[in-house]
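Below is one structure, written out as structure tokens; comments come after it.
The values are calculated or read from the model by the stated rules, or taken from the named source; none is laboratory data. In this text the structure is predicted, and so the values were computed from the model without any measurement. Don't worry about glycine lacking a Cβ; one is built from the backbone with ideal geometry, like all the others, and counts go over all protein chains shown. Only protein heavy atoms, including side chains, enter the accessible area calculation; ligands, DNA and RNA are left aside. Shrake-Rupley method; radii C 1.70, N 1.55, O 1.52, S 1.80 Å.
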Amino acid sequence: MSKLILTVDDSASMRMLLKTSLTAQGFAIEGANDGVHGLERIQEVNPDLLITDINMPKMDGFGLIEEVRKLPQFRGLPILVLSTEFSDEKKARAREAGATGWITKPFDPTKLGAAIRRVCP
Amino acid sequence: MSDELDEIQAIFFEECAEGLATAEEGLSAMAAGDVSSEVIAGVFRAVHSIKGGSGAFGHAALLAFSHRFENVLDEVRGGKIEPTPEVTKTMLAAFDLLSDHVAAAQGQAGLPNDAEMLAELDRILETKGASAGGAAPAAAAPAPVAAAAPAADEMGFVPVVVELEDFDADPFGFEPVGVSLEDFDAPAPTLGGWIIRFRPSRAAMANGAEPMFVIRELEESGARVIDVDSSALPDLRDLDPEEGYLQWTLSMPAEIEESVIRDCFDFVAPDSVIEIEREAQPEPAPVIEEAPAPIAEAPVVEAAIAETVAATPVAAPAPAAAPKAAAPAAEGKAHEAAQTIRVDLLKLDLLLNLVGELVIRGSILNDRLSPRDQERVELPELARLTREIQDNVMSLRAQPIRQAFSRVPRMLRDLATETGKQVILETTGEMTEVDKGVIEKIGDPLTHMIRNAVDHGVESPAERIAVGKSPEGTIRLSAEQKGARIFVRVSDDGRGINRERVRAKAVEKGIISADAILSNEEIDQLICAPGFSTAETISNISGRGVGMDVVRSNVEALGGRVEIHSTPGEGTTFTMALPLTLAILDGMIVRFAEQRYVLPLANVIEAVRPEAGQVQPMTPTSEVIELRGSYLPVKRLSEMFGLAANDPRDPEDSLVIIVDSEAGNVGLMVDAIDDRREVVIKSLDENLHPIRGIGGATILGDGSIALILDIDALLAGTSHNNTKYAPKGIAA
Amino acid sequence: MTPTNVEAIAAADRKIVTFILGKQVFGIDMKALIEIREWEEPTPLPSVPHFIRGVTNLRGTVVPVVGLSERLGWEPSVLHSRSCILVVNISGKRAGFLVDHVADIIPISDSDIQPAPDVEVGEQGIISGLVQVPNKIQAGDEAATESGTMVLLLDLEALNVTRHLDLAA
């Protein structure tokens, strides 16, 4: 069974790009367009991995990660941040919030796939 | 696949357009003095998204520019750069360049020259403390942590390429962790195999990470576990399943690149023990623990880990607290965006057509039922539901007219630069909702009207001062809905239309005869005549061979009209009166010569059943009706359509519908009024071509077709005293 | 089915729909045909060329109805019980043609098509070619000879009915 990934990004093009490149690598993809929506969707689809953007309207990526980690069923869920930001301060905050790893946009689809398999083989 | 990418890219450009609109709105608000954190955050997020996508789609120039722009915005957002008026002005200019970059990425324009702006943005970034006044640098000091970043990523997250130029080379941004190759002396065939020690910390298990995966991945790359140190394991009852107690030691063949090994640890928490060393001798067989440790300089261990980890938790809480405060503030604005999905406009049109069909079928069904059955409660209920669906589908196509207004500020800035005139823009009613089709089509007319206002209306600052006006001209852009029409106005407070000159020019161009008697309004209208241009010198703004006549024909093609009001010395107002929708019309269905026609209700004033003698011939080919003491021309559809030369109808057997048109009030003679209701407009153009005087067709309850009359065009065509420049109705 | 027909089908490059108009047999490419409808008086339009008889409702779309006979310069068709409308697709636009009646669907191969002889036809290109088909269409038609029936292939595009022409106004 293919792994289900929930991607949360306010940019539809980015979600579609992720979907296109990851489906091609055998992952199943669900999407959400901001933190609040992401929090709803994650409980509906129960993914194997969460990939989230940081800068989003409503609830940002940090908030989403914190909220997700509060849910007992997702304490052990791998969460990757996919962002154009790359400051250590941001990464520290992501880690603090409960992120498993950080990937910087723009991404190379194959490398993204490899990185995903690192936390979600 | 590439089609798919193209499609995604098209969506990205749509997002860019939205982002640009948001950014411009925010920057304009900042320019107007609103520098609240949510406004700044909104601008930042918009530019940030553009940057994100531009990288993904390989638009390097756009990426580079948006990146630099974002950096400045980030500092403004973080309070490190103060959004002074100068800074805001620069950002507005940077925004204009960003728009140009987006256009270039779409292939709509060449690459803009951004060197100067980039230098300016850099200058702002560098001088952020200094320019704010001596004291600031100390406060600014912590920031560079971010900038200095790439070398040691103490958080254990994937380090990232900071130099934009590298994005192409390594789009993923992975970079081996803090190791410089010089550390290895002479990489030679004598290199030893790797010894890897890994002791996951508690944190390594916390964030959903699974150290086992790391071990497995290492094994897949050729590693072998040579030892597991379990000495730290407590008794079972004391065991905390989330604590790390084990230490693995693995060996890895010498030929594996260190970066491959490092990559496996990408997501391992920073406080874990990760040691990667080469064995001293090229011994193929693994050596047990004692051996590797002491080996000289060669090992590259993340020595820094211990200290940095200690430092980070202290630093972290502070930034973590700040965004919590900022986030809710940003929410308010974002809420407006609600949740949206993108729908292909074609699908909406199809839906609209289907609903139109439903309405028609509903009324056919109704016609066929007996009166008693028609009153059964289900039927009116069905009709009501159908109407509601129709209204809802219509509203799906409605969009705030703001979209059409959004490019005006930029245009005005450009115009101000080109003409040396100073112009302030005031906008009202930008949230007025209009059919998307209308919005798309008023862009060009609006552009022309604005250009015309700046070019011909607003005076130069010197000229304005001379006549006692403020040096800055004002252009008011407004939209409002009145009944079934949307009025879009462009007003300037400039010099007004020079009627003498317009008239002289029109005579010179042969548009009117030298002795024509024209009212002021009629003279004003002349500037919409084809080929008319009053510019004394052809400027590169308005004088492009097309002008207000294009505005007029575009607007009329939409079923709208243009009005001009001008007061010498005080200014000019152009008004576009547009239909709210291009799809539905409130109409009166009339019968004439066995055919049914739809008169737009907006044109209808009243219906009169003439008494004997009330309608009289004036000449052999014209008639008038006497109505409350005044005489109005009466037209027969047959004569307007040229259907029959001699219409034998007796006025007393007819109805005269008084309609309002550009040619004044006119009576239309019809046989009867059938109905009054909303009709779905079907374009003749879809399968044929537009016909002058016919605004379209609709399908009636019985499935037959009724033509929709375009009253203005119809009467303009038959009126004799009308100026000859009235080509309308037929346009793209 | 005669052996000739079998061959024809095997070698067919396309199918044509043939129909009678006055005394002529015409053919159009099958691919252009959308449907055949019974004649129904269309709603007349003002300011259009005489050959456009009006518009009719084709499942919610407004489609022009063209008197093909007039368009080709013949006398207007006389309406009768077999009169019908061929609804066709011309570069994405739809139009209905009034014809006397539809005859057959015939496979032809491109090599059977002869260029229209260069006669004075008023407008070039309306008849894109001639093709002879086996004699089974209609006894008594002038188009039929011993060797077969002459079918005039129409170039719908060249009829210019759905485009706005200055001369049309």
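Within 11 Å, Cβ to Cβ, of B:L446, how many net charges do the neighbouring residues add up to if Lys/Arg are +1 and Asp/Glu are -1?
Combined, the nearby Lys, Arg, Asp and Glu give +3.
Return the carbon/sulfur percentage of the accessible area of segment B:190-280, one whole number, probe 1.4 Å, all protein chains in place.
Whole-percent figure for carbon plus sulfur exposure: 49.
Per residue and in cubic angstrom, what volume does the convex hull of the Cα atoms of segment A:1-58 have?
It is 60 Å³ per residue.
Within 10 Å of each Cβ in B:707-714, how many Cβ atoms from other chains are there, averaged over the peptide?
If you average over the peptide's residues, the count of other-chain Cβ atoms is 1.
With a 1.4 Å probe, what is the total accessible area buried between chains C and B, in Å² rounded to the nearest 100?
1900 Å²
Just to verify a number: FRET efficiency for B:D349 and B:S622, C-beta to C-beta distance, R0 = 35 Å, to 0.05?
0.25
Report the gain in length on full extension from B:E7 to B:E375: 0.36 nm times residue separation, minus Cα-Cα distance, nm rounded to one decimal.
Here the segment from B:E7 to B:E375 would lengthen by 127.5 nm.
At a 10 angstrom cut-off on C-beta neighbours, averaged per residue, how do the peptides B:104-114, B:435-445 rank from highest to lowest?
The densest-packed peptide leads the list: B:435-445, B:104-114.
How much accessible area per residue does segment B:373-515 have, counting only protein heavy atoms and a probe of 1.4 Å, in square angstrom?
About 50 Å² of surface per residue is accessible.
Let's see if you can work this out: charge +1 on each Lys and Arg Cβ, -1 on each Asp and Glu Cβ, no other charges. What is the dipole magnitude of segment B:401-579 about its Cα centre, in debye to the nearest 20?
Computed charge dipole of segment B:401-579: roughly 260 debye.
Rounded, prolate or oblate for segment A:2-106? Axes are the square roots of the Cα gyration tensor eigenvalues, ordered a ≥ b ≥ c, and the cut-off for rounded is a/c under 1.5.
rounded
Can you pull the percent of segment A:2-106's accessible area that's carbon plus sulfur, 1.4 Å probe, other chains left in place?
48 percent
So which aspartates and glutamates can B:K469 reach, going by Cα to Cα under 14 Å and dropping same-chain residues fewer than 8 places off?
Counting by Cα, and skipping residues close in sequence, B:K469 has these aspartates and glutamates nearby: B:E459, B:D492, B:D493, B:E570.
To the nearest 0.05, how large is the calculated FRET efficiency for B:N665 and B:N366 if R₀ is 35 Å and r is the Cβ-Cβ distance?
0.50
Can you work out the accessible area per residue across segment B:584-714, with the rest of the protein chains kept in place, probe 1.4 Å, in square angstrom?
Here the per-residue accessible area is 42 Å².
Hey, can you rank B:404-414, A:21-31 by average C-beta count inside 10 Å, highest first?
Top of the packing list down: B:404-414, A:21-31.
Between chains B and A, what is the buried accessible area in Å², counting both sides, with a 1.4 Å probe and ligands, DNA and RNA left out, to the nearest 100?
5000 Å²
With each pseudo-label sitting 7 Å past Cα toward Cβ, what's the B:R384-C:E38 distance in nm, one decimal?
According to this spin-label approximation, the distance is 3.8 nm.
Extent of segment B:345-398 along each principal axis, from alpha carbon coordinates, in Å, largest to smallest?
41, 16, 11
Taking the radius of gyration and the Kirkwood hydrodynamic radius from Cα positions alone, what is the Rg/Rh ratio for segment B:401-579, to two decimal places?
On the Cα set of segment B:401-579, Rg over Rh gives 0.96.
Rounded to the nearest 0.05, what FRET efficiency do B:E463 and B:I605 have when you use their Cβ-Cβ distance and R0 = 35 Å?
Here the calculated transfer efficiency is 0.20.
Translational diffusion coefficient of segment B:2-131 at 37 °C, 0.692 mPa s, Stokes-Einstein with Kirkwood Rh over Cα pairs, in µm²/s as a whole number.
It diffuses with D of about 223 µm²/s by this estimate.
Which of the aspartates and glutamates could be linked to B:K505 by a straight reach, that is with a Cα gap under 17 Å, when you skip same-chain ones fewer than 8 residues away?
Output for B:K505: B:D515, B:E521, B:E522, B:D524, B:E536, B:D549.
Averaged over A:69-80, how many beta carbons belonging to a partner chain fall within 10 Å of each residue's beta carbon?
For this peptide, the per-residue mean of nearby foreign Cβ atoms is 3.
On average, how many beta carbons from a partner chain sit within 10 Å of the beta carbon of a residue in B:688-696?
Average neighbour count from other chains, rounded to a whole number: 5.
Using the basic label-point model (7 angstrom from Cα toward the beta carbon), what is the C:S47 to B:T428 distance in nanometres?
Placing both labels 7 Å beyond Cα along the Cβ direction yields 3.7 nm.
Quick check on my link table: of B:K682/C:K93; B:K89/B:K421; A:K105/B:K80; A:K58/B:K436; A:K91/A:K111, which ones sit more than 21 Å apart, alpha carbon to alpha carbon?
Checking Cα-Cα distances, A:K105/B:K80; A:K58/B:K436 exceed 21 Å.
To the nearest 10 square angstrom, what accessible area does A:K3 show with a 1.4 Å probe?
Only protein atoms counted, so the area is about 70 Å².
Sort the following peptides by mean Cβ neighbour count (other Cβ atoms within 10 Å, averaged over residues), highest first: B:215-227, B:23-35.
Going from most to least packed, we get B:23-35, B:215-227.
At a probe size of 1.4 Å, how large is the accessible area of B:M252, to the nearest 10 Å²?
Using a 1.4 Å probe on the heavy atoms, I get roughly 10 Å².
Quick check: pseudo-label points 7 Å beyond the Cα along Cα→Cβ at B:S519 and B:I673, how many nm apart are they?
Label-label distance for B:S519 and B:I673, simple model: 2.7 nm.
Let me spell out the model: positive unit charges on the Cβ of Lys and Arg, negative unit charges on the Cβ of Asp and Glu, origin at the Cα centre of segment B:584-714. What dipole size does that give, in debye rounded to 20?
Once rounded to the nearest 20, the dipole reads 60 debye.
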